[in-house]
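**Student:** My questions all concern the structure below.
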Amino acid sequence: MIQEGRELFLVGCSFCHGQNGEGINSDDGQYGPSLVGVGGAAADFQLTTGRMPMQTPGQQAPSKTPVYSQDEIAALTAYISSLGAGPDVPTAAQYDIDKYGLSADERRQAVVDGGQLFLTNCTACHNFDGSGGAMPWGKYAPSLKSTSKKNLYQAMLTGPQQMPVFSDEVLTSKDKASIIAYLDSIGEEPQHGGFGLGGLGPVSEGMFAWLFGIGGLVGFAYWIAAHSTRSTKTKSSEGTQA
Ligand code: HEC
Ligand code: HEC
């Protein structure tokens with residue numbers, strides 16, 4: 001499998017990451033970081049979200065439809081793991097809260113804790129409901145609404161691009177699974193009444209208040225002015241003059 005992965009790597013990845021994954025930083029702008037020690041989790045994350053192979057070196061590697069099949073991804077992941085020790089691809093026993101053997105109460109508590117952890121660690125970039133947000137220099141933190149549980153876990157473990165790494169010392173595997181369970185639970189939550197406004201937070205909600213709230217008040221003020229005794233008087237005096 002490692003051999004098969006190496007062959008795929010030489011064809012699809014080595015011109016950016018080097019013949020042995022040691023990384024390239026050349027004068028003509030060809031660049032790919034060293035993959036020694038990034039671990040299987042980074043490889044699986046980058047390949048299953050379609051981020052790698054990167055098409056053009058640019059600001060951000062966006063997620064797209066994966067280029068490789070499941071088997072090829074497994075082979076490439078095995079090859080990159082063999083380059084040096086790093087975080088392995090997590091199993092459901094790590095990323096799925098239902099595999100932790102919790103009671104119904106403990107599970108409910110885990111979702112609440114996950115919400116708190118999400119609020120402190122993730123909302124600054126991904127927004128309070130995980131819908132994503134802009135970052136400096138034209139970059140962005142993507143929406144988390146259609147990401148798989150495994151990739152949520154792998155993103156925390158490997159910290160792609162501007163995202164920090166949340167190692168097991170910072171967030172235990174149960175903490176990570178709780179965050180994932182929380183995101184899952186807000187995905188299920190029905191929108192109660194009115195427009196969701198895209199869930200974009202204070203900016204769009206403030207805009208809504210200005211346009212419709214203040215706009216409505218201004219309209220109402222005009223209506224009062226147009227129907228007051230004074231305005232009717234002016235009209236009738238104009239009438240007599242004419
Ligand atoms: C056009 C150049 C290019 C090609 C081709 C490319 N990469 Fe990358 N790769 C990059 C750059 C630049 C980064 C760093 C930026 C980022 O993380 O998005 C990167 C990051 C990565 C990372 C994340 C490393 C980390 O520290 O977490 C992995 C894993 C990876 N590449 C694997 C691959 C594999 C496997 C292939 C082949 C299927 C591949 N890349 C093809 C340029 C490339
Ligand atoms: C400093 C800002 C920042 C923080 C804090 C942050 N992220 Fe990210 N996150 C990013 C950026 C930027 C990307 C996109 C990286 C890329 O495209 O390679 C990203 C990507 C992701 C992805 C990949 C989504 C996809 O498209 O497949 C997941 C999942 C994710 N983050 C989850 C989290 C979670 C959970 C937390 C909290 C524990 C968190 N992030 C905290 C900036 C951040």
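The values are calculated or read from the model by the stated rules, or taken from the named source; none is laboratory data. None of these values were measured; they are calculated from a predicted model. Cβ placement follows ideal geometry from the backbone for every residue including glycine, while neighbour counts extend to all protein chains displayed.
**Student:** Does Q116 count as under 23 Å from P160 (Cβ atoms) and without any contact (Cβ under 8 Å) to a residue 24 or more places away in the chain? Walk me through how you get there before you give the answer.
**Tutor:** Details: under 23 Å from P160 (Cβ atoms): no; without any contact (Cβ under 8 Å) to a residue 24 or more places away in the chain: yes.
So Q116 does not fit the description; no.
**Student:** Something else now. Assigned to a loop (DSSP other than H, G, I, E, B), more than 11 Å from ligand 2 (Cβ to nearest atom) and of a type in the set (S, T, Y): which single residue out of Y68, Y79 fits that description? Working first, answer last.
**Tutor:** Working: Y79 fails: assigned to a loop (DSSP other than H, G, I, E, B).
The match here is Y68.
**Student:** Any idea how many residues of the stretch 147-190 are surrounded by fewer than 12 Cβ atoms within 10 Å (Cβ to Cβ) and within 8 Å of ligand 2 (Cβ to nearest atom)?
**Tutor:** Residues in the stretch 147-190 being surrounded by fewer than 12 Cβ atoms within 10 Å (Cβ to Cβ) and within 8 Å of ligand 2 (Cβ to nearest atom): 2 in total.
**Student:** Another question, then. Could you tell me whether any residue of the stretch 120-128 is within 13 Å of ligand 1 (Cβ to nearest atom), assigned to a loop (DSSP other than H, G, I, E, B) and among the hydrophobic types (A, V, I, L, M, F, W, C)? Can you show your working first?
**Tutor:** If we filter the stretch 120-128 for residues that are within 13 Å of ligand 1 (Cβ to nearest atom), which is where we start, we get none.
The answer is no; no qualifying residue exists.
**Student:** Would a scan of the stretch 89-98 turn up a residue that is in contact with a helix residue (DSSP H, G or I) (Cβ under 9 Å, 6 or more places away or on another chain), of a type in the set (G, A, S), loosely packed, with under 15 Cβ neighbours inside 10 Å and part of a loop (DSSP other than H, G, I, E, B)? Spell out how you get there, then give the answer.
**Tutor:** Taking the stretch 89-98 and keeping what is in contact with a helix residue (DSSP H, G or I) (Cβ under 9 Å, 6 or more places away or on another chain), we get 89-98.
After this cut, where a residue has to be of a type in the set (G, A, S) as well, the list is 92-93.
Those still in the list that are loosely packed, with under 15 Cβ neighbours inside 10 Å too: 92-93.
Okay, now just the ones that are also part of a loop (DSSP other than H, G, I, E, B), so none.
No, the stretch 89-98 contains no residue that is in contact with a helix residue (DSSP H, G or I) (Cβ under 9 Å, 6 or more places away or on another chain), of a type in the set (G, A, S), loosely packed, with under 15 Cβ neighbours inside 10 Å and part of a loop (DSSP other than H, G, I, E, B).
**Student:** For the stretch 38-59, which positions are surrounded by fewer than 17 Cβ atoms within 10 Å (Cβ to Cβ) and near ligand 1 (Cβ under 8 Å from one of its atoms)? Steps first, answer last, please.
**Tutor:** Here is the first cut: in the stretch 38-59, the residues surrounded by fewer than 17 Cβ atoms within 10 Å (Cβ to Cβ) are 50, 54-59.
Once the filter is applied, which keeps residues that are surrounded by fewer than 17 Cβ atoms within 10 Å (Cβ to Cβ) and near ligand 1 (Cβ under 8 Å from one of its atoms), the stretch 38-59 yields M54, Q55, T56, P57.
**Student:** Could you look through the stretch 16-37, keep only residues that are modelled with pLDDT under 90 and among the polar types (S, T, N, Q), and pick out the one that is nearest to ligand 1 (Cβ to nearest atom)?
**Tutor:** Only one residue tops the list, namely Q30.
**Student:** Okay, next question. Are there any pairs with C-beta distances below 6 angstrom linking a residue in the stretch 3-19 that is assigned to a helix (DSSP H, G or I) to a residue that is among the small types (G, A, S), with the two at least 6 apart or on different chains, and if so which?
**Tutor:** Listed by first residue and then by second, the contacts come to E4/A75; G5/A75; G5/A78; C16/G32; H17/G32.
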